[in-house]
Amino acid sequence: MNEIKEKLMRYMDAGFPILYINTFEEDKVDSIIEDIVKDSEIYEWNESKGYIDFKNKTEVIEDCDIDMMLDVFSTRELLDRKVVILKDIAYYLEDNKIASKIKWIARLINDGVDATVIIVSSRVVIPQELEKYITIIEMDYISRDEIKRIISNFISESGMSGISEDFLNELSLSLKGLTEFEIENLLALSYADDGQLDRNDLGLIFDQKQQMIRKAGILEMIPLKETIKDIGGLENLKKWLSRKSIVFKNYDKAEEFGVAMPKGVLIAGVPGCGKSLNAKAAASLFEVPLLRMDMGRLMGKYVGESEGNLRKAIALAEAISPCILWIDELEKAFAGISGGNEVTSRLFGNFLTWMQEKTSSTFVVATANNITKLPPELLRKGRFDEIFYVDLPNDREREKIFRIHIAKRRPMDVDSIDLNELVKNTSGFSGADIEGVVKDAVENVFSDGKDKVTTQDIVEAIQNTHSLSEIMKEELDNMRKDYESRRFKSAS
Ligand code: ATP
């Protein structure tokens, strides 16, 4: 909260013409502005009331549209010593006429008029002609201590008996990454069902938080079902993750000992061989939420929107931290940057800087099928703690993967199945192929009205499957050669 106050003051003093505060917490922004603006008159425009006095919001100066409101401030004299707050205007910014009127005001300010335009909106829309006049400010997420204070206030206001220190810690952690408004709503909701706050409410809070994150639209909170036990093989990678989890979970002690905060891992390689599975299992191992970043959704159509989205995603992940930020299909976002796409290069630069400087407990797991097109800067030491490549499973790994998937569906049949026979028949199969084979065999046995899955049933399903290496042999060979020449660590 104080950080954003300071930022706003600094920008206003320095004469930045348009500050764009990206938030839906209008009340909070109002109180900050009221706090810091001392010597200027403040006016506001919003869709429902029009042109109003900022402090006394019921005082409507004129019930006019945004177009007319902007005319009011179109001369040096009228604009001097004014702070103009614009709300609900993301939609109007797409209109050339409005954008050009705002630009006119911005130019007056750049020309020495003492004034500031502040746009408050939950959506960032920056028309190209305003790009160089606008500075985006993200609202800071609140700290764990502040969350604790909100919980304590809530408890005393509702007259509830206190909660234990342990539970207060747990509750505040589960509410991290939410705004003050959302936290208050969730506490009220949790309290309303049975008149108390207890561990039973954590499930509800998790569900609601998942929804809120989904609504923000850039990150998805993935429910954790998989553990390290669901992964057959990939022993090196699993061991590495287990060791990192020790540091991550005991970071206070580790830091005191001189250990740096783990940054993250890049897992590259053959499709269907457990990369995503490892991202999910890592979150279970680290005992933190898993947030998936969808690179496709990050790319916006307005100038600065993609960077804004990346900043938002990173800020949200850091606010929720400790967490794992899973960047799926990394190559989709950053491949071919050398091709000169300006937005992707800028996005990439921002991401690199963040990875380089990151000290928060946000552990990045990036997964990619093909990294040959990724820019070399990303693969340099210091960005990720390690880069692993995942190949098709070898004989021993295939045996383990078969065991896992058969045991999941038919635990009673595992011991009577000849796993060696299955391994012999599946050279070149991926983990996903094996899962598919087991699924097919189980379904066929059921449809045939039999009550037991046998080795022969699975062999038949194998014979009806085209393995991954059959389908993309050449690509896999090239990929393998490339990984070996780069000396990435093998996950197996
Ligand atoms: P893609 O690049 O296509 O996203 P991926 O490498 O991320 O593939 P996963 O999504 O992890 O592949 O694997 C797909 C499915 O295959 C998993 O849900 C899992 O059931 C099975 N699978 C793959 N590898 C393994 C493995 N090593 N052990 C157990 N199951 C596996």
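No other residue among Ala313, Ala260 is at pLDDT below 95, out of contact with any Phe, Trp or Tyr (no Cβ under 7 Å at 6 or more places or on another chain) and not in a helix (DSSP H, G or I) apart from Ala260.
In the range 113-132, of all residues being open to solvent by 20 Å² or more (accessible area, probe 1.4 Å) and not charged (D, E, K, R), the one that is modelled with the lowest pLDDT corresponds to Ser122.
From the residues in the range 170-196 that are in a loop (DSSP other than H, G, I, E, B) and more than 13 Å from Ser143 (Cα to Cα), which one is most open to solvent (accessible area, probe 1.4 Å)? Per the stated criteria, the residue is Gln196. Of all residues in the range 274-287, exactly one satisfies the criterion of being more than 15 Å from the ligand (Cβ to nearest atom) and open to solvent by less than 10 Å² (accessible area, probe 1.4 Å), namely Phe286. Looking only at residues of the range 359-369 that are crowded, with 20+ Cβ neighbours inside 10 Å and away from the ligand (no atom under 15 Å from the Cβ), we find that the one that is nearest to Glu470 (Cα to Cα) is Val364. Taking every residue in the range 353-366 that is assigned by TED's automatic domain parsing to the domain that holds Glu318 and over 21 Å from Trp240 (Cα atoms) and pairing it with any residue that is open to solvent by 10 Å² or more (accessible area, probe 1.4 Å) and modelled with pLDDT under 95, at least 6 positions away or on another chain, the pairs with Cβ-Cβ distances below 6 Å are Trp354/Ile314.
Considering every residue within the range 449-457, establish whether at least one is in a helix (DSSP H, G or I), without any contact (Cβ under 8 Å) to a residue 60 or more places away in the chain and open to solvent by 90 Å² or more (accessible area, probe 1.4 Å). Explain how you work it out, then say what you get.
Initial filter on the range 449-457 (in a helix (DSSP H, G or I)): 455-457.
With without any contact (Cβ under 8 Å) to a residue 60 or more places away in the chain added as a condition, the list becomes 455-457.
This time we only want the ones that are open to solvent by 90 Å² or more (accessible area, probe 1.4 Å), so: 456.
Yes, the conditions are met somewhere in the range 449-457.
When the range 370-394 is examined, which residues are found to be open to solvent by 10 Å² or more (accessible area, probe 1.4 Å), within 16 Å of the ligand (Cβ to nearest atom) and modelled with pLDDT of 85 or more? Matches in the range 370-394: Ile387, Tyr389, Asp391, Leu392, Pro393, Asn394.
Among the residues of the range 262-273, which ones are open to solvent by 10 Å² or more (accessible area, probe 1.4 Å) and within 16 Å of the ligand (Cβ to nearest atom)?
Quick first cut of the range 262-273, residues open to solvent by 10 Å² or more (accessible area, probe 1.4 Å) only: 263, 271-273.
Passing the criteria: Pro271, Gly272, Cys273.
From the residues in the range 237-261 that are under 25 Å from Glu331 (Cβ atoms) and surrounded by 21 or more Cβ atoms within 10 Å (Cβ to Cβ), which one is nearest to the ligand (Cβ to nearest atom)? Looking at residues that are under 25 Å from Glu331 (Cβ atoms) and surrounded by 21 or more Cβ atoms within 10 Å (Cβ to Cβ), I get Leu237.
Farther than 24 Å from Leu379 by Cβ, out of contact with any Lys or Arg (no Cβ under 8 Å at 6 or more places or on another chain) and in contact (Cβ under 8 Å) with a residue 60 or more places away in the chain: is that true of Gly217 in this structure? Quick ask: steps written out before the conclusion?
Working: farther than 24 Å from Leu379 by Cβ: yes; out of contact with any Lys or Arg (no Cβ under 8 Å at 6 or more places or on another chain): no; in contact (Cβ under 8 Å) with a residue 60 or more places away in the chain: yes.
Here the answer is no, as Gly217 does not meet what is asked.
Of the residues making up the range 405-428, just one is buried (at least 19 other Cβ atoms within 10 Å of the Cβ) and near the ligand (Cβ under 10 Å from one of its atoms), namely His405. The numbered conditions (1) modelled with pLDDT of 85 or more; (2) farther than 16 Å from Ile218 by Cβ are all true for Gly336 except (1). Hey, any hits in the range 289-300 for a residue that's modelled with pLDDT of 85 or more and away from the ligand (no atom under 16 Å from the Cβ)? Looking through the range 289-300, at least one residue is modelled with pLDDT of 85 or more and away from the ligand (no atom under 16 Å from the Cβ). Comparison of Arg297, Arg292 shows that the only residue that is among the charged types (D, E, K, R) and not in a helix (DSSP H, G or I) is Arg292. Of the strands (runs of 3 or more DSSP E) lying entirely inside the range 31-73, those carrying at least 3 residues that are open to solvent by less than 70 Å² (accessible area, probe 1.4 Å) and on the phi < 0 side of the Ramachandran plot are 41-46, 50-53.
Annotation note: Cβ proximity below 8 Å between a residue of the range 421-432 that is in contact (Cβ under 8 Å) with a residue 24 or more places away in the chain and a residue that is within 13 Å of the ligand (Cβ to nearest atom) and of a type in the set (Asp, Glu) (sequence gap 6+ or interchain) occurs for Leu422/Glu399; Val423/Glu399; Thr426/Asp433.
The values are calculated or read from the model by the stated rules, or taken from the named source; none is laboratory data. Every value quoted in this text rests on a predicted model; they were computed, and no experiment measured them. Quick reminder, even Gly has a Cβ in these numbers, built from the backbone with ideal geometry, and neighbours come from all protein chains shown. Heads up: the accessible areas ignore ligands, DNA and RNA and are worked out on the full protein's heavy atoms, side chains in. Shrake-Rupley method; radii C 1.70, N 1.55, O 1.52, S 1.80 Å.
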